[in-house]
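Some notes on the structure that comes next.
The values are calculated or read from the model by the stated rules, or taken from the named source; none is laboratory data. None of these values were measured; they are calculated from a predicted model. In this analysis, Cβ positions are derived from the backbone assuming ideal geometry, glycine residues included, and neighbour counts consider all displayed protein chains.
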């Protein structure tokens, strides 16, 4: 039973790696084990030696740029929001938390076409701003919930004694709250980074120019051609997958926390 | 936890300080502060969630769009596809997650190893996974036909007929998202007090009875939430379908989001594209409100 699950889980990954090390000459001859393994495909990608990957480094840079910007924006928005909900605990907080929950649940694709239209009206199509706005909106709720969960466990007396010493809300936020939640901020920031890194729909809608697009859009564009070099595409896939895989393994404890596990404890 | 009046201890040296403390603010100034800190969030929500929804709903009031949609056989087919895809994929996946979480609950080297590799499909971005499966199913060069032929089952055009293509989508969905939901249900299982199992064991309950009378009733709430949540998420799926089949063969495997994309960008009919989502909006919003009520 365990072996069956392991086989099921690993097979597509095994196949992806196999194709990534398959030379051109063997690509159209399906086999169970690669007969002439090679790292040439990775070389072609890294040195941009095929028209399909001639913008590889540019795509990578675009992905890094958008993801980093989303990370910073989500951290700012979610840290402030979680401070408001978890520490200030104001009457209208229920409204704000309901709002974030709604944003978390509604499928982002349902908002995509109006979003595209609105970005067109503001002349923001084919700019990174559009994608950064969209990703920040959709990544912030989860980040906020994880932070909020943690913020609730900090004793209220800490804020109170700081306030006694004359600290205002801003200095409590910067000097006390942020240092206390730093480990969670790192986890949540990385989450936001890879949320944007993985995004396909909004990236394909909002970015167009061949040098403007992010990695996943570049990969998706392979499919528009009939003679797509699938071994290159899989080498690119492996490169693209490694950073998020490392992240998920480091932070898996944090990632299963938050929304749903909050509900676990609630019911 | 001390907050509000409880923390405003009276008297002495600290009284002036205490009234200035966050714990003793008037509800009104708390609201002002709270809203100030939530402002970026509120602005994002209004600009990029409420406004697009408003746009969608106002567009949806145009009756002509519906006449077009309901008379388009591709639209009707898409609704069927979406219902099958969401209904089968989500329910099979969650049922498997319920079983697997039971399997992984026991501590042991094998299960630890399994739970480690089991996270891979979830950790890998959706694109590489789906591209791998797509090539796997390629009728000429994919490994699936090699296996199928070696087993004496002959070769098939997996992605070239509607129902095998939808089957592929369902299998991929399960492969990709089963780990996440298993981990969630596993967390819920770990929350069940062990005393309950011990008591059941003392009373001589078997595996099935333990599940029937302890695990199941305690997991039912979270299982329902997971089902609803996953259904809403899957209802909006775009990437999997777009990259696996792109609606092919002959626009017969579209789901809501890919059909909306086709109407908007291939046919240039943005109001039809918006209309596709608008027709699904009432059900979706109903699910969302049930979920918000349950989770909060």
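Quick check on this structure: which one of B:200, B:205 is touching a helix residue (DSSP H, G or I) at 6+ places or on another chain (Cβ under 8 Å), in a helix (DSSP H, G or I) and more than 14 Å from chain A (Cβ to nearest Cβ)?
From the options B:200, B:205, the qualifying one is B:200.
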Being within 21 Å of residue A:129 (Cα to Cα) and touching a helix residue (DSSP H, G or I) at 6+ places or on another chain (Cβ under 6 Å), is that true of even one residue in region A:37-59?
yes
The one condition in (1) at pLDDT below 90; (2) not in a loop (DSSP other than H, G, I, E, B) that residue A:209 fails to fulfil:
(2)
Give me the helices (runs of 4 or more DSSP H) completely within region B:26-106, filtered to those with at least 3 residues that are farther than 16 Å from residue B:270 by Cα and in contact (Cβ under 8 Å) with a residue 40 or more places away in the chain, ordered by residue number.
B:73-105
Against the condition under 18 Å from residue A:88 (Cβ atoms) and either modelled with pLDDT under 90 or out of contact with any strand residue (DSSP E or B) (no Cβ under 6 Å at 6 or more places or on another chain) (or both), how does residue A:186 come out, does it pass?
no
Matching option when the condition is modelled with pLDDT of 95 or more, in contact with a helix residue (DSSP H, G or I) (Cβ under 8 Å, 6 or more places away or on another chain), assigned to a helix (DSSP H, G or I) and at the interface with chain B (Cβ under 7 Å from one of its Cβ atoms), among A:96, A:77
A:77
Please find, among A:15, A:55, the residue that is farther than 27 Å from residue A:143 by Cβ, within 14 Å of another protein chain (Cβ to nearest Cβ), out of contact with any strand residue (DSSP E or B) (no Cβ under 8 Å at 6 or more places or on another chain) and buried (at least 16 other Cβ atoms within 10 Å of the Cβ).
A:15
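So that you can scan it fast, the table gives a plain yes or no per residue for (1) more than 9 Å from chain A (Cβ to nearest Cβ); (2) more than 19 Å from residue B:252 (Cβ to Cβ); (3) surrounded by 16 or more Cβ atoms within 10 Å (Cβ to Cβ); (4) touching a strand residue (DSSP E or B) at 6+ places or on another chain (Cβ under 6 Å):
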residue	(1), (2), (3), (4)
B:76	yes, no, no, no
B:85	yes, no, yes, no
B:92	yes, yes, no, no
B:122	no, yes, yes, no
B:129	no, yes, yes, no
B:147	no, yes, no, no
Condition first: closer than 19 Å to residue B:130 by Cα, within 8 Å of chain A (Cβ to nearest Cβ) and not in a helix (DSSP H, G or I). Can you find one or more residues in region B:241-252 that meet it?
yes
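Could you list, in sequence order, all residues of region A:116-131 that are more than 7 Å from chain B (Cβ to nearest Cβ) and either surrounded by 22 or more Cβ atoms within 10 Å (Cβ to Cβ) or more than 21 Å from residue A:72 (Cβ to Cβ) (or both)?
If the condition is that a residue be more than 7 Å from chain B (Cβ to nearest Cβ) and either surrounded by 22 or more Cβ atoms within 10 Å (Cβ to Cβ) or more than 21 Å from residue A:72 (Cβ to Cβ) (or both), then A:116, A:119, A:120, A:121, A:122, A:123, A:125, A:126, A:130, A:131 are the ones that fit.
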Take residue B:81 and decide whether it is surrounded by fewer than 16 Cβ atoms within 10 Å (Cβ to Cβ), assigned by TED's automatic domain parsing to the domain that holds residue B:216 and at pLDDT 95 or above.
no
As an exercise: evaluate residue A:150 against (1) in a helix (DSSP H, G or I); (2) touching a helix residue (DSSP H, G or I) at 6+ places or on another chain (Cβ under 7 Å); (3) modelled with pLDDT of 90 or more and give the number of the one condition it does not meet.
(3)
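Matching residues to (1) closer than 30 Å to residue A:155 by Cα; (2) at the interface with chain B (Cβ under 8 Å from one of its Cβ atoms); (3) at pLDDT below 90; (4) surrounded by fewer than 16 Cβ atoms within 10 Å (Cβ to Cβ):
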| position | (1), (2), (3), (4) |
| --- | --- |
| A:28 | no, yes, yes, yes |
| A:32 | no, yes, yes, yes |
| A:69 | no, no, no, no |
| A:114 | no, yes, no, no |
